[in-house]
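K.L.:
Starting off with a structure, shown below.
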Amino acid sequence: MIAAPPRGRAFRGNVLHTPERGRIEYLPDALIEVSGAGVIQAVHCGDSSRTAAVAAQYRDAGALVTLATGRYLLPGMVDLHVHAPQWPQLGLALDLPLEEWLQAYTFPLESRYVDTDYARGVYESLVEALLANGTTTALYFGTIHRQATQVLADICLRRAQRALIGRVAMDDPSQCPAYYRDPSAEVAEAETRAFIRYVRSMPGNEGALVLPVITPRFIPSCTDGLLGRLGRLAHETGCHVQTHCSESDWAHAFVLARCGVTDTTALARFGLLSRRTILAHGNFIEDPDVSILLEAGAGIAHCPLSNVYFSDAVLPVRRMLQRGVHVGLGTDISGGASPSILENIRHAVIASRSLEAGVDPRLGRAARRSPDSRIDAATALWLATAGGGIALDLPIGVFLEGYQFDAIVIDAQTPGSNLYVTENSAPEVILQKIVHHASRADIAETWVANRRVHVRSQE
Ligand SMILES: [Zn+2]
């Protein structure tokens with residue numbers, strides 16, 4: 001006899017995920033048991049009598065969620081790079097180089113978050129939009145304002161989005177305007193400490209759904225004194241770290257000129273590279289620095305769409321993966337013009353193909369190509385899910401026992417959808433259709449742990 005189901009739920013339906021890089025697994029009519037705390041207890045294939053018996057137990061207990069015909073359960077999307085305060089300028093102000101864009105548009109916008117009410121309105125809208133787009137985990141930059149960044153943490157916890165959030169530190173008067181910078185390294189460290197304490201003690205956050213992140217904006221914005229303090233704080237607290245690394249020609253050259261070494265080497269010397277460090281962009285990370293990344297276990301947030309606008313180059317993502325670097329995807333709101341990781345999956349594939357083929361026909365085929373640069377659809381989906389989870393050192397992104405049940409339900413029968421998938425479609429067809437065509441409108445539900453955190457409005 002089968003024991004009574006534990007507290008929690010079971011989900012029955014067609015499951016698609018990438019348990020290993022480049023390999024899809026399709027489980028038709030599978031059953032996933034999830035504990036009350038949201039941890040996957042078991043994954044049963046659909047064609048066994050035991051699956052039917054376990055499903056019946058959950059159904060009798062009123063705890064079975066059955067996907068409708070034409071729906072597919074995928075892991076939730078993991079976004080490794082979001083500037084929450086830049087949500088109002090998404091799709092705008094993409095016309096200047098990075099260093100001018102920061103001064104002309106971005107710092108003036110971010111300075112407005114001294115107004116906590118303004119912050120609340122923007123952040124409510126952003127979290128709602130990201131959940132609707134299937135982003136179950138987001139790694140956020142806030143602003144230098146602790147109160148506003150605490151509001152973001154409150155909202156993520158209340159909406160149950162898995163979130164890693166940093167109060168931005170930036171104190172260098174030569175690069176940061178007087179109206180938007182930390183007055184000193186001491187103040188920046190103290191505010192970062194206070195933010196970490198706040199997040200770790202939020203009522204209802206005992207399961208650490210929301211995590212604090214040490215967040216030096218990037219080396220050009222921070223004095224050596226601040227970077228050293230934050231490195232020691234990372235070691236002391238064990239917090240995640242996020243910053244930008246070798247994003248553009250300008251940023252890469254700036255750090256070389258100031259520090260005499262690359263971003264990666266400088267960050268390592270400041271104590272800011274660890275297994276829980278995520279470096280945004282990383283386009284100009286040089287080969288010798290890869291071994292430093294590997295030694296630390298640090299990861300890269302690949303932002304393919306943002307790179308088109310601000311980075312001067314395409315990240316050689318396949319080479320990074322082949323060398324063993326942890327990589328996931330980021331929207332880089334608002335450096336990229338889309339809030340959707342599904343969109344960025346497509347852009348990751350396209351960027352890799354452009355890198356492989358080259359872009360200037362006048363160079364001739366051999367001269368313009370970078371062979372062996374392309375990634376396929378399965379690898380891109382892996383980057384957006386399991387890859388992001390590995391980079392963050394969190395048990396998310398695949399449907400395996402012991403992992404968190406963070407998921408989206410793709411509805412292939414959405415009226416007006418570009419998806420054309422039938423019950424008889426092969427797994428590879430389903431994967432490619434979803435990777436190349438699925439959009440926000442096709443996401444019927446979003447789940448984080450054991451909570452349904454978003455339902456499409458027409459449901
Ligand atoms: Zn960024």
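K.L.:
Angle, helix 249-259 long axis vs. longest principal axis of the chain, Cα atoms, 0 to 90°, nearest 10?
P.N.:
Relative to the chain, helix 249-259 is tipped by roughly 60 degrees.
K.L.:
Angle, helix 49-60 long axis vs. longest principal axis of the chain, Cα atoms, 0 to 90°, nearest 10?
P.N.:
80 degrees
K.L.:
Take the alpha carbon atoms of the stretch 317-364, find their center, do the same for the stretch 33-109, and report the distance between the two centers in whole angstrom.
P.N.:
21 Å
K.L.:
How many percent of all Cα-Cα pairs in the stretch 124-243 sit more than 25 Å apart?
P.N.:
22 percent
K.L.:
Taking 0.36 nm per residue of separation and subtracting the Cα-Cα distance, what length does fully extending residue 249 through residue 186 add?
P.N.:
19.6 nm
K.L.:
Moving on. Expected output is a single nm value to one decimal: the length gained when fully extending between residue 96 and residue 425, i.e. 0.36 nm times separation in residues minus the C-alpha distance. What is it?
P.N.:
114.0 nm
K.L.:
Follow-up question, since we're still on this one. Taking only DSSP H segments of four or more residues, each worth -39500 (n - 2.57), what value at 222 nm results for the chain once the sum is divided by all its residues, to the nearest 500 deg cm²/dmol?
P.N.:
Helices in the chain give a 222 nm mean residue ellipticity of -10500 deg cm²/dmol.
K.L.:
With a cut-off of at most 14 other beta carbons within 10 Å, and DSSP calling the residue loop, which GluC sites (Glu not before Pro) in the stretch 186-276 qualify? Please list them.
P.N.:
Listed in order of number, the matching sites are 206.
K.L.:
Name the residue farthest towards the positive end of the dipole of the chain from the options 106, 391, 94, assuming +1 on Cβ of Lys and Arg, -1 on Cβ of Asp and Glu, about the Cα centre.
P.N.:
Of the options given, the answer is 391.
K.L.:
Another one. Given the C-alpha centroids of the stretch 215-270 and the stretch 124-184, what is the distance between them in whole angstrom?
P.N.:
19 Å
K.L.:
Rounded, prolate or oblate, given the Cα gyration tensor of the stretch 309-412, with a/c below 1.5 counting as rounded?
P.N.:
It is prolate, given that a/c is not under 1.5 and a/b is the larger ratio.
K.L.:
OK, next. Determine the percent antiparallel among the DSSP beta bridges restricted to the chain, to the nearest 5.
P.N.:
The answer is about 45 percent antiparallel.
K.L.:
Roughly what angle does helix 287-296 make with the longest principal axis of the chain, taking Cα atoms, 0 to 90 degrees, to the nearest 10?
P.N.:
With rounding to tens, the tilt is 60 degrees.
K.L.:
Let me ask something else. Using a Förster distance of 25 Å, how high is the FRET efficiency between residue 48 and residue 21, based on the Cβ-Cβ distance and rounded to 0.05?
P.N.:
0.30
K.L.:
A further question on this structure: Give me the Debye-computed log₁₀ of I(q)/I(0) at q = 0.07, 0.11, 0.12, 0.13 Å⁻¹ for the chain, equal point scatterers on Cα only, no solvent, two decimals.
P.N.:
Taken in order of the listed q values, log10 I(q)/I(0) reads -0.34, -0.84, -0.99, -1.15.
Here, each number is a calculation from the coordinates, and none is a lab measurement. Because the structure is predicted, anything quoted here is derived from the model rather than measured. Reconstructed Cβ throughout: ideal geometry from the backbone, glycine too, with neighbour counts over all protein chains shown.
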